[in-house]
Amino acid sequence: MIINKRQAGMMIFTLTTVGKFLLLPSVYAQFARQDAWVAGLTNLVADGAMLAAVLAFIKISDGRSFYDLLENSFGKFFANAVYLTFSAYFTLKAIVPVFEHKKFIEISFYEAAPPVATFVPLFFLAFYFAVKGMKTFTRASEILFRLTLAGIILAVALSIFQADFFNLLPVMKNPPKQTFYAGYMGLLWHGQPLALLFLAGRIKKEKGFYLRVALSFAAAAALCVLLLAVFTGIYGDLAPRETYAINKMTKYSLFSSTVMRFDYAVTILITAGSLIALAAPLVFATDCAIKVFGNKRVWLIALVPCGALCAMTLFMPLYFRAIIEIFEKFFTPAMAFFAYAVPPLALLLTKKGKGRKEKIYETAFQK
C-alpha cells in the first residue's frame with residue numbers, strides 16, 4: 001500500500017477545511033468576538049507546527065511506521081496499548097463532527113425524513129472505506145478534494161462582498177487570554193495533521209512530497225482564516241449566534257437571490273467533501289485496531305467504531321449540545337495532548353530507535 005504526494009496533499013487539504021465552517025466560527029466569535037479569526041489562526045499555526053513534526057517523523061523514520069518504532073523501542077505490548085488508545089481517540093474525534101454535520105444537512109436541505117434514510121448511509125460508506133483500507137480512502141480523498149475546493153471557492157465568491165471588514169477592528173482589542181481561550185474551546189475541531197503520523201511507512205518516496213503536503217495545508221489554513229474573517233465581517237456582534245456559518249454566509253448573497261440559489265451548490269459541494277472528513281476518524285480508528293488484532297476479520301473490527309457512532313446518531317439526536325459540553329469539559333485536554341504532544345515525542349522515538357538499530361548492527365558485526 002503506497003500513498004503518493006498528490007493523495008496525501010489532497011487528503012490533508014480536505015480534512016483541514018471541511019468541518020471548520022459549521023459551528024466553529026460561532027464558537028470562536030462567542031469568546032473572541034471580532035478576533036475570532038485570530039483564534040482560528042492561532043490554532044492553525046499550532047496545527048502547522050504539528051504537521052512539521054509529523055513530516056519530520058516520516059522523513060527520519062526511513063520507511064518505518066510509528067508502530068514499528070514503538071515495538072522496537074518498548075515492545076509489542078506497549079505498541080499495542082498505544083495503538084488501541086489512538087483507536088479510541090479517533091473514534092471519539094468523530095463524534096462531534098458527525099452530530100454537527102447531521103444537523104447541518106437537516107437545516108440546509110430542510111430534511112424531515114428519518115435519519116435511517118438520510119444519514120445512516122454515511123456509516124456504510126465509512127465502513128466500506130475502513131474495510132478496504134487506506135489506499136481506497138486516499139483515492140476517494142483525491143476525487144472529492146476537487147468538489148471541496150470548488151465549494152469553498154464558491155462560498156468565498158458569494159460572501160466576501162457582503163462583508164464589512166471594519167467589524168474586525170480593532171484587532172486584538174480583547175485581552176490575549178480571552179483569544180487564547182477561544183482557541184482552546186475550538187481545539188475539538190483541529191488536530192487533523194496527526195493522521196499523517198499513521199501513514200508513515202506507507203508513503204511513496206518521491207521528490208517534492210514534503211513541499212506538496214505543506215503547501216496543501218498552507219492553502220487550506222489560508223482559506224479557513226479568510227472565511228472566518230468574512231463570517232465575522234458579515235455578522236459582526238451577531239456572529240456568536242450564527243451557527244452553521246457556511247450556510248448562513250452564502251444564503252443572503254445578492255448574486256444568489258437575484259440569479260439563482262447558488263448557495264445550494266455550496267452546501268452540496270461541501271457536503272460531498274464532508275463524506276471524507278467524517279469517514280476519516282473512523283478509518284484511522286479501524287486502521288489502528290487492525291495493527292493490534294490483525295487483518296483476519298477486518299469487517300468486524302471496522303464494525304465497532306462505525307456501529308457505535310451510528311447507534312449514537314440514531315438514539316441520541318437531541319443530546320448534541322450536551323455532548324459538545326462534555327467534550328469541551330472532559331476530553332479537550334486529552335485530545336490536545338494526543339494531537340500536539342505525540343508528534344514531537346514520536347520524533348524523539350526515531351532518534352532512540354535509530355541509536356538502538358545502530359547498536360544492534362555494531363554488535364552483530366563484532367560477533
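Points to keep in mind about this one:
- Applying the set (1) over 18 Å from residue 236 (Cα atoms); (2) surrounded by fewer than 23 Cβ atoms within 10 Å (Cβ to Cβ) to residue 15 leaves exactly one unmet item: (2).
- Remark: pairs (first residue in segment 317-338, among the aliphatic types (A, V, I, L, M); second residue assigned to a loop (DSSP other than H, G, I, E, B) and surrounded by 14 or more Cβ atoms within 10 Å (Cβ to Cβ); Cβ separation under 7 Å; 6+ apart in sequence or on different chains) = 335/191.
- Selection of segment 324-367 for residues being at pLDDT below 80 and outside any helix (DSSP H, G or I) yields only 367.
- For segment 307-323, the set of residues classified as assigned to a helix (DSSP H, G or I) and either among the hydrophobic types (A, V, I, L, M, F, W, C) or crowded, with 16+ Cβ neighbours inside 10 Å (or both) consists of 308, 309, 310, 311, 312, 313, 314, 315, 320, 322, 323, listed by residue number.
- Of all the criteria given as (1) farther than 15 Å from residue 197 by Cβ; (2) of a type in the set (D, E, K, R); (3) surrounded by fewer than 16 Cβ atoms within 10 Å (Cβ to Cβ), the one not satisfied by residue 59 is (1).
- Restricting 88, 81 to residues that are within 25 Å of residue 290 (Cα to Cα), among the small types (Gly, Ala, Ser) and free of Cβ contacts under 8 Å to residues at least 40 places away in the same chain narrows the list to 81.
- The test for being of a type outside the set (S, T, N, Q) and over 22 Å from residue 280 (Cβ atoms) holds for residue 41.
- Residue in segment 103-115 that is touching a Leu at 6+ places or on another chain (Cβ under 7 Å), among the aliphatic types (A, V, I, L, M) and assigned to a helix (DSSP H, G or I) present: no
- When segment 189-220 is filtered for residues that are outside any loop (DSSP other than H, G, I, E, B), in contact (Cβ under 8 Å) with a residue 24 or more places away in the chain and over 25 Å from residue 80 (Cα atoms), the ones remaining, listed by number, are 189, 209, 210, 212, 213, 214, 215, 216, 217, 218, 219, 220.
- Any hit, segment 36-49, residues being part of a helix (DSSP H, G or I), of a type in the set (Asp, Glu) and either within 18 Å of the chain's Cα centre (by Cα) or within 30 Å of residue 239 (Cβ to Cβ) (or both): yes
The values are calculated or read from the model by the stated rules, or taken from the named source; none is laboratory data. As the structure is a computational prediction, the values presented were derived from the model and not from experiment. Cβ coordinates were reconstructed from backbone atoms using ideal geometry, including for glycine residues, and neighbour counts include every protein chain displayed.
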